[in-house]
Amino acid sequence: MVVGRPDGRPAPLVKTIGPALASLGWIDGHTACILVRDAQGRLDQLALLIEELARVPVDVLVMGGATVAQEAVRVTRDIPIIVSGTGIDPVRAGWAESYARPGGNFTGLTLANDEVIDKQLEILRTAVPNMSHVGILATRANAATEPTTRRAEAAAARMGLKASLGFVLNEVDVEPEIGRLRIVGIEALVVLADPAMDNLRNAIAERAILLRLPTIGQLPFYGEAGFLLVYAADLPAIHRRTAIFVDRILKGAKASELPFESPSQFTLTLNLRTAKNLGFDVPTSVLAQADEVIE
């Protein structure tokens, strides 16, 4: 299992999939051996960690996110790879032949869904009804960046919104890039998640609040970091579902024949503390939609 969550805390994937596997009879140290490698947010270490596990060799590789998955597919085409949520379309990326029958060694749960970006922009526009210019912040380190930003730009155009792209990789990029976007006229910010962006979420939220920019993120813990809004798939449910894929592989199923799955459950988080810091009046329609409110 390869993860990229920083800050020394257990990655959500690790915290969730262990108990889920145990419930299926795969108990670490007894009926299974679970090896975890954490890149600690250092994307340059991903390939080395995956290569290390491939040399063991392991029976199945589990990972979360497009950045890690991209490296895993490059490292091995033999060991089954189960991805627990990727923002890139695996077929468009060339990792699989189709959703229904992947055909190679790669399958799992994908977050790639054009409608999610549409929904995020729709929620943001409801929250900021007079918005005409939106910023889209991404990192260049993610294989999903180009297709996802294209989808976001197209969705904005359909809504009659002007969209400006911004790119960050390290914390030193955050202040000048969000500042640049503010200068060109953006009125709110959509932040596209990946492991590198996860490291920067607190800095982004802080800078956006300082510049009075409402933000919307794509992962639940972005709300805790200070984003005004988060529209996200239910990641714990995805990680629990990933354990079922692993169980099937360990019982003899082939990754090439296990169809990809897409999430069906999404939640909207509203951070009222951030709204207060922004001096922002949350429309009642957004408050009514929120599944979780941070006060």
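On the basis of being of a type in the set (A, V, I, L, M, F, W, C), under 20 Å from residue 232 (Cβ atoms), within 15 Å of the chain's Cα centre (by Cα) and modelled with pLDDT of 90 or more, does residue 68 make the cut?
Here the answer is no, as residue 68 does not meet what is asked.
Of the conditions (1) within 21 Å of residue 236 (Cβ to Cβ); (2) open to solvent by 40 Å² or more (accessible area, probe 1.4 Å), residue 60 satisfies every one except a single condition; which number is it?
Failed condition: (2).
Pull up region 121-134, narrow it to residues that are assigned to a loop (DSSP other than H, G, I, E, B) and open to solvent by 50 Å² or more (accessible area, probe 1.4 Å), then point me to the one that is nearest to residue 271 (Cα to Cα).
Among residues in region 121-134 that are assigned to a loop (DSSP other than H, G, I, E, B) and open to solvent by 50 Å² or more (accessible area, probe 1.4 Å), the one nearest to residue 271 (Cα to Cα) is 129.
Hey, residue 148 hits all of (1) under 20 Å from the mean Cα position of the chain (by Cα); (2) open to solvent by 50 Å² or more (accessible area, probe 1.4 Å); (3) polar (S, T, N, Q) but one; which does it fall short on?
(2)
Please indicate, with yes or no, whether at least one residue in region 268-280 is within 30 Å of residue 97 (Cα to Cα) and either hydrophobic (A, V, I, L, M, F, W, C) or out of contact with any Phe, Trp or Tyr (no Cβ under 9 Å at 6 or more places or on another chain) (or both).
Within region 268-280, not a single residue is within 30 Å of residue 97 (Cα to Cα) and either hydrophobic (A, V, I, L, M, F, W, C) or out of contact with any Phe, Trp or Tyr (no Cβ under 9 Å at 6 or more places or on another chain) (or both).
Do we find a residue being over 20 Å from the mean Cα position of the chain (by Cα) and surrounded by fewer than 19 Cβ atoms within 10 Å (Cβ to Cβ) anywhere in region 35-49?
Scanning region 35-49, I find at least one residue that is over 20 Å from the mean Cα position of the chain (by Cα) and surrounded by fewer than 19 Cβ atoms within 10 Å (Cβ to Cβ), so the answer is yes.
Find the strands (runs of 3 or more DSSP E) located wholly in region 180-295 whose residues include 3 or more that are surrounded by fewer than 22 Cβ atoms within 10 Å (Cβ to Cβ), and list them.
By residue number, 266-271, 292-294.
Which of the residues belonging to region 161-179 are touching a residue at least 24 places away in the same chain (Cβ under 8 Å), open to solvent by 60 Å² or more (accessible area, probe 1.4 Å) and more than 21 Å from the chain's Cα centre (by Cα)?
Scanning region 161-179 gives 162, 175.
Filter region 151-160 down to residues that are open to solvent by 20 Å² or more (accessible area, probe 1.4 Å) and either in a loop (DSSP other than H, G, I, E, B) or modelled with pLDDT of 90 or more (or both), then give me how many there are.
Total satisfying the criteria: 6.
Mind checking which pairs have a first residue in region 1-28 that is within 21 Å of residue 248 (Cβ to Cβ) and a second that is acidic (Asp, Glu) and modelled with pLDDT of 90 or more, Cβ under 6 Å, 6 or more apart or different chains?
24/247
Can you run down the residue pairs with Cβ atoms below 7 Å, 6 or more apart or on separate chains, where the first is in region 75-88 and farther than 18 Å from residue 13 by Cα and at pLDDT 90 or above and the partner is of a type in the set (Asp, Glu) and open to solvent by 10 Å² or more (accessible area, probe 1.4 Å)?
Sorted first by the residue in region 75-88, then by its partner, the pairs are 75/51.
Specify the residue that is farthest from the chain's Cα centre (by Cα); the eligible residues are those in region 191-214 that are over 19 Å from residue 67 (Cβ atoms) and touching a residue at least 40 places away in the same chain (Cβ under 8 Å).
212
Among (1) in a helix (DSSP H, G or I); (2) at pLDDT 95 or above, where does residue 137 come up short?
Among (1) in a helix (DSSP H, G or I); (2) at pLDDT 95 or above, the lone unmet condition for residue 137 is (1).
Considering each residue of region 7-22, count those that are modelled with pLDDT of 90 or more and farther than 17 Å from residue 60 by Cβ, and give that number.
Counting residues in region 7-22 that are modelled with pLDDT of 90 or more and farther than 17 Å from residue 60 by Cβ gives 1.
The values are calculated or read from the model by the stated rules, or taken from the named source; none is laboratory data. Keep in mind it's a predicted model, so treat the numbers as computed, not measured. Glycine gets a Cβ as well: all are built from the backbone with ideal geometry, and neighbour counts include every protein chain shown. Accessible surface is based on the protein model in full, side chains and every heavy atom, while ligands, DNA and RNA are left aside. Shrake-Rupley method; radii C 1.70, N 1.55, O 1.52, S 1.80 Å.
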